[in-house]
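Engineer: What follows is a structure written as structure tokens; I'll ask about it next.
The values are calculated or read from the model by the stated rules, or taken from the named source; none is laboratory data. Quick caveat: nothing in here was measured; it's all calculated off a predicted structure. Cβ placement follows ideal geometry from the backbone for every residue including glycine, while neighbour counts extend to all protein chains displayed. Heavy atoms of the whole protein, side chains included, go into the accessibility calculation; ligands, DNA and RNA do not. Shrake-Rupley method; radii C 1.70, N 1.55, O 1.52, S 1.80 Å.
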Amino acid sequence: MTADIDFTAFFDATPSPYLVLDADLVIRYANPACLRTAGRTKDELIGKYFFDALPENPSIRDDAERSLKASLHRLLDTGKPETAVLQRYDVPAPDQQDGFEERWWSVIHTPLRGPDGTVKWIIQQVTDVTAFVHSPRAHQLRRESTERTESMTAELYARARELHRLNQELRQAHAREQQVAVTLQEAMLSVPDLDRHTNIAVRYLPATASLNVCGDWYDVVDLPPDRYAVAVGDVVGHGLHAAAVMGMLRSALSAVIRAIPSPAQALEVLGLYARSVDGAMAATAVKVLVDTRSRLIIYSNAGHPPPILLHTDGTHDLLDQATDPPLGTREHHVPRPQAGLPYTPGDILVLYTDGLIERRDEDIDTGLARLTTALTQEQTLPPDLLADALLTRLNVAEGVSDDIALVIIRL
């Protein structure tokens, strides 16, 4: 299996300077090598417009900023990489308040596209070639004929092309790893019983920074003749390891619920199993049993955000009366709680993971209120359309920093 590579750690460790810009040319990431080269701190770069954070030297008149800006805008328009073999762009002198140091660069701009095909990110890799430009060899080449000067440019261009080739190989390796990861995730999230339920819609969105795999999961299990169980869970972390742990927990709970239909007892068994799985501690899960004959919902919750039951009259209930700590966190076995409530045909039951509602610097109750409001406004839609509408209304359809699993059931 392909290794689970931490690409942030990779770029932090590489000696080559790298910047990541968004489509508005705002700096979103700068590796340590870039900070050293630019003589700037993270606070001086991250979140700043590129040409504000790294302004042009006003004392030179070779249109350095205009040339660099034109290159970036061409990339945004065409979606093709841009290479500047020899680009002068001075940097502030560390010992002078308004002074600049002359710098020459070999610059490669590489686009990364978003789900809609447009350029979402720009990776800027630069190589400081100032020493070469001022070297005796470069001076000799400039003194000689135009043909010799072109030789210097060709040498620099060959170096830039080699760097571009290496970047291409890195992207291809990442793409192969991503495809392996996606195939693995799809296999682990296969839900054969779901095909028999036209009243259920599911959605899975990995974190935007992950390999399209995550530790969030969902499951649907038929319990003939007139019951079915639904579960949603969340393993701490992202990437292949979290996905592997998720697969083990999901498979275990799917097997247990077939033998022990009680949600509380099924989560008790899963909690004991989680203690033996590396990476499963503090995973959360909620298990719901829907009895279509008695029109009753029975549930138990292991540290997970509460499901929502939206009634046809617009009111709602939170399934929060049987909540217990996450899986594997108790040192000794304690029976888990269980609760139940009736439903009316046409009600909507929503299970989800915390990425759907949680936002940085915001209380979770605010996120719950936002979700219930969106549900009420779109409750007449069928499950599939309702799922898409919720993701759009909550502004997560394009992905967020945390994984999302969503299950919508029209009871």
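Engineer: Check 372, 376 and return the single one that is of a type in the set (Val, Ile, Thr), crowded, with 16+ Cβ neighbours inside 10 Å, farther than 18 Å from residue 204 by Cβ and touching a residue at least 60 places away in the same chain (Cβ under 8 Å).
Structural biologist: 372
Engineer: Let me ask another. When you check residue 199 against the structure, is it crowded, with 24+ Cβ neighbours inside 10 Å and among the polar types (S, T, N, Q), yes or no?
Structural biologist: The answer is no for residue 199.
Engineer: Continuing with this model, one more query. Show the residue pairs meeting these rules: Cβ distance below 7 Å; 6+ apart or different chains; first residue within the stretch 280-293 and on the phi > 0 side of the Ramachandran plot; second residue open to solvent by 30 Å² or more (accessible area, probe 1.4 Å).
Structural biologist: Correct list of pairs: 282/236; 282/326; 282/329.
Engineer: If you take the residues of the stretch 287-298 that are part of a strand (DSSP E or B) and within 26 Å of residue 377 (Cα to Cα), which of them is nearest to the chain's Cα centre (by Cα)?
Structural biologist: Only one residue tops the list, namely 288.
Engineer: Right, here's the next one. Being part of a loop (DSSP other than H, G, I, E, B) and of a type in the set (Val, Ile, Thr) is the filter; apply it to the stretch 337-363 and report the residue that is modelled with the lowest pLDDT.
Structural biologist: Step one: filter the stretch 337-363 for residues part of a loop (DSSP other than H, G, I, E, B), giving 337-338, 343-347, 353, 357-363.
Next, only the ones that are of a type in the set (Val, Ile, Thr) stay: 344, 353, 357.
Values: 344: 96, 353: 91, 357: 88.
Checked the stretch 337-363; the qualifying residue modelled with the lowest pLDDT is 357.
Each row is one residue, and each column tells you yes or no for (1) modelled with pLDDT of 90 or more; (2) open to solvent by less than 20 Å² (accessible area, probe 1.4 Å); (3) touching a helix residue (DSSP H, G or I) at 6+ places or on another chain (Cβ under 6 Å).
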{"residue": "215", "(1), (2), (3)": "no, yes, yes"}
{"residue": "222", "(1), (2), (3)": "yes, no, yes"}
{"residue": "239", "(1), (2), (3)": "no, yes, no"}
{"residue": "266", "(1), (2), (3)": "yes, yes, yes"}
{"residue": "286", "(1), (2), (3)": "yes, yes, no"}
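Engineer: Taking the stretch 316-336, which residues are under 17 Å from residue 351 (Cα atoms) and free of Cβ contacts under 8 Å to residues at least 40 places away in the same chain?
Structural biologist: 317, 319, 320, 321, 323
Engineer: Restricting the stretch 5-34 to residues that are over 23 Å from residue 120 (Cβ atoms) and either modelled with pLDDT under 85 or aliphatic (A, V, I, L, M) (or both), which is most open to solvent (accessible area, probe 1.4 Å)? Give the derivation first.
Structural biologist: Step one: filter the stretch 5-34 for residues over 23 Å from residue 120 (Cβ atoms), giving 13, 15, 32-33.
Those still in the list that are either modelled with pLDDT under 85 or aliphatic (A, V, I, L, M) (or both) too: 13, 15, 33.
Working: 13: 79, 15: 111, 33: 4 Å².
Per the stated criteria, the residue is 15.
Engineer: Moving on. Among the residues of the stretch 319-336, are any among the hydrophobic types (A, V, I, L, M, F, W, C) and either open to solvent by 40 Å² or more (accessible area, probe 1.4 Å) or in a helix (DSSP H, G or I) (or both)?
Structural biologist: Of the stretch 319-336, the ones among the hydrophobic types (A, V, I, L, M, F, W, C) are 319, 322, 327, 334.
From what is left, the residues that are either open to solvent by 40 Å² or more (accessible area, probe 1.4 Å) or in a helix (DSSP H, G or I) (or both) are 334.
Yes - at least one qualifying residue is present in the stretch 319-336.
Engineer: Another question about this same structure. Are any of the residues in the stretch 95-108 closer than 25 Å to residue 161 by Cβ, of a type in the set (Ser, Thr, Tyr), open to solvent by 40 Å² or more (accessible area, probe 1.4 Å) and at pLDDT 70 or above?
Structural biologist: No.
Engineer: Let me ask something additional. Spot the failing condition for residue 226; the list is (1) at pLDDT 75 or above; (2) out of contact with any Ser or Thr (no Cβ under 8 Å at 6 or more places or on another chain), and only one is missed.
Structural biologist: (2)
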